[in-house]
């Protein structure tokens, strides 16, 4: 018989502790997951299971096995099962109780899940339906998860207050499928057939992984398409994706969409995740802690797209969109030529008016590159790599960079080549040698930089400083070339040439 295991690591995060512990049981308890758990559908209840009901329940088990190292197999032998599911008319005489079970800490083995089939209690087994949510919720209990409103409580939730959303509204099904607060208060549930969670959500994923470990999943390039209208099957899901270049898309939406690529931090006012959805539609996504989604595609409305610390790519499509790249090297794409838009570069944002091309006016914050169908305009011209490589070209060769060469070398730096490695490559090039000479003395090299980069002769203090760095070995010539190119004096000389951005070729 598969046994229960007491977990020695006590969770310190209050939300994870709230799902995994009780005041009298501070250590979480889980199944031994060295072998798959056997599940049995018991037909001896009020009626037998239909095949459709069994398949929906199997899907509910899969919601957990897709994120954690716990597997399930069907058995036809009740005596060898660890989890038994059975149908009742009502549970404990309560007409509105949809399901009930126990957790491993209770010590009952096997565990039995009871589902009520009174009236429509078990009719809504499509994704987003309250019956399917009940299935995922009850399976969570069997794996070791508790409610946020009893036992160890979520922050701000009084004991037994199952409708209280708690501090920052984190006790909601959109953040944990173990909550009793259905769906999300941002788009309240209006039907038992759609609008609630259909997966383990961000808190649940972190909790079940604390018990069983994380599982690699969805490792390819995946697109997560937002629902654009309310219907059966519309639900909230948390993305667990461990590889590839991934996208959340509102393609086809006409209402305003919000796409937020930040993963659930598990702390703070958005601990359970940032919500991506189309306004008025009662379903969408959060992103689980530790997951990176790189791309966002808007729809036809006035969308809000928010990035993360990765290198994000945004496509706003129609409407007047607000795009905030946050960290990383971010690109906003426009499906038109540069000539069809007007660009205003302000102190805090870039405004791209693409009304002539049918795409509205987008406001870009913390976005470094703007891509058109005929080229890319780089605005990371100060401390960013585009400005650095442009100035390095200007310094090394005393000329305006050629677009193909600049594009190629900038792409190398953007993809991890060190800027000083690029500086050394420039010094070794034939063009550099032709301009500066070969096997020159340090003094000759420095004086040539003063003339070619800054357009003046060396001052004695500056010359002495560069000579000292080279002679004591603290800097090499690549360091010195980069030092000249990034000097305040050279930045001022180059600033006017790149104040409206740097025009680049498209990169395949």
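If we keep just the residues of segment 83-94 that are surrounded by 12 or more Cβ atoms within 10 Å (Cβ to Cβ) and outside any loop (DSSP other than H, G, I, E, B), which is modelled with the lowest pLDDT?
Step by step, filter segment 83-94, then rank; the result is 91.
Take the residues in segment 195-222 that are in a loop (DSSP other than H, G, I, E, B) and touching a helix residue (DSSP H, G or I) at 6+ places or on another chain (Cβ under 8 Å); name whichever of them is surrounded by the fewest Cβ atoms within 10 Å (Cβ to Cβ). Give the steps one after another, and end with the answer.
Restricting attention to segment 195-222, the residues satisfying the condition of being in a loop (DSSP other than H, G, I, E, B) are 195-196, 198-201, 213, 215-222.
Retained after the next criterion (residues that are touching a helix residue (DSSP H, G or I) at 6+ places or on another chain (Cβ under 8 Å)): 196, 198-200, 215.
Values: 196: 33, 198: 26, 199: 27, 200: 32, 215: 17.
Applying the filter and picking the extreme gives 215.
With (1) touching a residue at least 60 places away in the same chain (Cβ under 8 Å); (2) within 34 Å of the chain's Cα centre (by Cα); (3) within 26 Å of residue 217 (Cα to Cα) as the list, and residue 54 as the residue in question, which single condition is left unmet?
(1)
Search segment 332-367 for residues being in a helix (DSSP H, G or I) and exposed (fewer than 12 other Cβ atoms within 10 Å of the Cβ), and hand back the single one that is modelled with the lowest pLDDT.
We begin by selecting, within segment 332-367, every residue in a helix (DSSP H, G or I); these are 338-340, 355-357.
Among the residues that remain, those that are also exposed (fewer than 12 other Cβ atoms within 10 Å of the Cβ) are: 339, 356.
Details: 339: 95, 356: 82.
Only one residue fits best here, namely 356.
Does residue 409 count as free of Cβ contacts under 8 Å to residues at least 24 places away in the same chain and within 19 Å of residue 330 (Cβ to Cβ)?
no
Out of 396, 458, report the one residue that is touching a helix residue (DSSP H, G or I) at 6+ places or on another chain (Cβ under 6 Å), more than 30 Å from residue 351 (Cβ to Cβ), touching a residue at least 24 places away in the same chain (Cβ under 8 Å) and surrounded by 17 or more Cβ atoms within 10 Å (Cβ to Cβ).
Result of the check over 396, 458: 396.
Taking segment 484-500 only, how many residues are under 16 Å from residue 458 (Cβ atoms) and out of contact with any helix residue (DSSP H, G or I) (no Cβ under 8 Å at 6 or more places or on another chain)?
0
Hey, among 80, 187, 138, which residue is surrounded by 20 or more Cβ atoms within 10 Å (Cβ to Cβ), out of contact with any helix residue (DSSP H, G or I) (no Cβ under 7 Å at 6 or more places or on another chain) and under 24 Å from residue 31 (Cβ atoms)?
Only one candidate passes the filter, namely 138.
Taking residue 156 and the conditions (1) in contact with a helix residue (DSSP H, G or I) (Cβ under 6 Å, 6 or more places away or on another chain); (2) touching a residue at least 40 places away in the same chain (Cβ under 8 Å); (3) surrounded by fewer than 24 Cβ atoms within 10 Å (Cβ to Cβ), which numbered condition does it fall short on, given that it satisfies the others?
Only one criterion is unmet by residue 156, namely (2).
Going through segment 1-21 one residue at a time, which ones are outside any helix (DSSP H, G or I) and crowded, with 16+ Cβ neighbours inside 10 Å?
Within segment 1-21, the subset outside any helix (DSSP H, G or I) is 1-13, 21.
Result: 2, 4, 5, 7, 11, 13, 21.
Quick check: is even one residue across segment 247-264 buried (at least 19 other Cβ atoms within 10 Å of the Cβ), in the same structural domain as residue 60 (by TED's automatic domain parsing), farther than 29 Å from residue 14 by Cβ and at pLDDT 95 or above?
The answer is no, given that none of the residues of segment 247-264 is buried (at least 19 other Cβ atoms within 10 Å of the Cβ), in the same structural domain as residue 60 (by TED's automatic domain parsing), farther than 29 Å from residue 14 by Cβ and at pLDDT 95 or above.
Residue 407 is checked against (1) outside any helix (DSSP H, G or I); (2) touching a strand residue (DSSP E or B) at 6+ places or on another chain (Cβ under 6 Å) and fails just one. What number does that condition carry?
Unmet for residue 407, out of (1) outside any helix (DSSP H, G or I); (2) touching a strand residue (DSSP E or B) at 6+ places or on another chain (Cβ under 6 Å): (1).
Spot the failing condition for residue 373; the list is (1) touching a helix residue (DSSP H, G or I) at 6+ places or on another chain (Cβ under 8 Å); (2) assigned by TED's automatic domain parsing to the domain that holds residue 316; (3) surrounded by fewer than 20 Cβ atoms within 10 Å (Cβ to Cβ), and only one is missed.
All conditions are met except number (1).
Yes or no: residue 97 free of Cβ contacts under 8 Å to residues at least 24 places away in the same chain, closer than 25 Å to residue 164 by Cα, outside any strand (DSSP E or B) and in the same structural domain as residue 163 (by TED's automatic domain parsing)?
yes
Please give the number of the condition residue 75 fails out of (1) surrounded by fewer than 15 Cβ atoms within 10 Å (Cβ to Cβ); (2) at pLDDT 95 or above; (3) over 20 Å from residue 127 (Cα atoms); (4) out of contact with any helix residue (DSSP H, G or I) (no Cβ under 8 Å at 6 or more places or on another chain).
Evaluating residue 75 over (1) surrounded by fewer than 15 Cβ atoms within 10 Å (Cβ to Cβ); (2) at pLDDT 95 or above; (3) over 20 Å from residue 127 (Cα atoms); (4) out of contact with any helix residue (DSSP H, G or I) (no Cβ under 8 Å at 6 or more places or on another chain) leaves (1) as the failure.
Could you name every one of the helices (runs of 4 or more DSSP H) located completely within segment 452-506 that has at least 3 residues being under 40 Å from the mean Cα position of the chain (by Cα) and closer than 30 Å to residue 338 by Cα?
488-498
Keeping to segment 95-131, report how many residues are closer than 20 Å to residue 50 by Cα, exposed (fewer than 15 other Cβ atoms within 10 Å of the Cβ) and touching a strand residue (DSSP E or B) at 6+ places or on another chain (Cβ under 8 Å).
0
Of all residues being over 20 Å from residue 59 (Cα atoms) and not in a strand (DSSP E or B) in segment 24-41, which is modelled with the lowest pLDDT? Just the residue, please.
24
Is it the case that some residue within segment 78-86 is touching a residue at least 24 places away in the same chain (Cβ under 8 Å) and either farther than 24 Å from residue 212 by Cβ or outside the structural domain of residue 13 (by TED's automatic domain parsing) (or both)?
Yes, there is a match, as at least one residue in segment 78-86 is touching a residue at least 24 places away in the same chain (Cβ under 8 Å) and either farther than 24 Å from residue 212 by Cβ or outside the structural domain of residue 13 (by TED's automatic domain parsing) (or both).
What about residue 448, is it modelled with pLDDT of 95 or more, touching a helix residue (DSSP H, G or I) at 6+ places or on another chain (Cβ under 9 Å), in a helix (DSSP H, G or I) and under 30 Å from residue 312 (Cα atoms)?
So residue 448 fails the test.
I need the full set of residues from segment 463-507 which are on the phi > 0 side of the Ramachandran plot and touching a residue at least 24 places away in the same chain (Cβ under 8 Å), in order please.
Hit for segment 463-507 is 501, nothing else.
The values are calculated or read from the model by the stated rules, or taken from the named source; none is laboratory data. Just so it is clear, the structure is predicted and the values come from calculations on it, not from any experiment. Positions of Cβ are generated from backbone atoms using ideal geometry, with glycine treated the same way; all protein chains shown enter the neighbour counts.
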